[in-house]
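K.L.:
One structure follows; several queries about it will come next.
What follows draws every value from the coordinates through simple rules; no lab data is involved. All values derive from a computational prediction rather than experimental measurement. No Cβ is skipped: glycine too gets one built from the backbone with ideal geometry, and neighbour counts run over all protein chains shown.
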Ligand SMILES: [Zn+2]
């Protein structure tokens with residue numbers, strides 16, 4: 001694990017340098033392009049925008065990371081290149097899904113183009129049809145594409161990036177208590193673990209994965225509107241801590257035991 005810790009530390013440094021370079025040197029764009037992974041299009045949104053994903057890293061537990069789902073919460077999406085740089089060399093297989101709601105992102109609004117919350121449209125046991133939830137689970141093409149991709153990838157852990165006015169904190173569903181604590185410890189204060197969002201979330205990704213299927217899922221909530229220098233370093237450090245501590249098989253029901 002010392003080797004892994006070293007690789008992750010190097011990746012965090014590289015990712016941070018990439019960020020620093022982008023702020024100061026035009027050549028950083030070319031560098032980023034040369035290092036960019038081969039993205040696949042796994043589906044398209046209602047308005048025809050591509051939903052993109054890439055698999056990175058190798059071996060180890062399989063981790064799916066969704067960098068954005070609510071279109072007006074783009075705090076995680078802006079760190080996509082840094083996440084790619086972080087996960088490239090770690091001995092974990094990471095499926096990175098760029099944006100589960102590209103129409104919402106383009107319009108800077110929470111919902112899909114048809115007004116459905118993409119985090120209420122999952123085929124969870126507690127799905128409730130409605131104008132904000134959709135007439136049926138997976139009625140939104142982008143959500144259906146991400147769902148299909150997750151089922152195919154079969155992750156041991158799902159991580160999804162959001163932002164909230166009451167952030168930053170990490171919420172979890174399923175057997176992810178220790179993983180959430182690992183993220184908090186990596187990210188540092190004022191990050192904390194919030195076991196419950198405090199309101200019902202029928203048809204959410206967290207319910208579908210964590211509650212119904214027992215797949216640990218971390219919901220990362222940045223402070224809404226925080227500048228990127230306040231979101232990037234804790235995100236990368238938190239992710240590094242989670243990837244470092246993730247065990248290939250659960251022990252005593254948890255994937256993180258150290
Ligand atoms: Zn959200």
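K.L.:
Nearest 0.05, what FRET efficiency do residue 58 and residue 224 give at R0 = 45 Å with Cβ-Cβ as r?
P.N.:
0.80
K.L.:
By what distance, in whole Å, do the Cα atoms of the range 81-123 stretch along each of the three principal axes, largest value first?
P.N.:
Dimensions of the range 81-123 along the principal axes of its Cα atoms: 39, 25, 9 Å.
K.L.:
If you don't mind, there's one more thing I want to ask. Between residue 47 and residue 247, with labels modelled 7 Å along Cα→Cβ, what's the label distance in nm to one decimal, could you check?
P.N.:
Between residue 47 and residue 247, the simple spin-label model gives 4.6 nm.
K.L.:
Kirkwood Rh over alpha-carbon pairs of the range 103-239, then Stokes-Einstein at 10 °C and 1.306 mPa s: what D in µm² s⁻¹, rounded to an integer?
P.N.:
103 µm²/s
K.L.:
Based on the alpha carbon coordinates of the range 2-256, what radius of gyration and maximum Cα-Cα distance (Dmax) apply, in Å?
P.N.:
Over the range 2-256's Cα set, Rg and Dmax evaluate to 17.0, 51 Å.
K.L.:
Starting with the fewest neighbours, write out 215, 66 ranked by other beta-carbon atoms found within 10 Å of each beta-carbon.
P.N.:
Lowest to highest Cβ neighbour count: 215, 66.
K.L.:
Then there's this: Could I have the simple spin-label model distance between residue 213 and residue 154, label points 7 Å from Cα toward Cβ, reported in nm to one decimal?
P.N.:
1.2 nm
K.L.:
In which sequence would 103, 72 go, from the one with the fewest C-beta neighbours within 10 Å to the one with the most?
P.N.:
Sorted ascending by nearby Cβ count, the order is 72, 103.
K.L.:
Grab the Cα-Cα distance for residue 254 and residue 107, subtract it from 0.36 nm times how many residues apart they are, and report the gain in nm with one decimal.
P.N.:
49.1 nm
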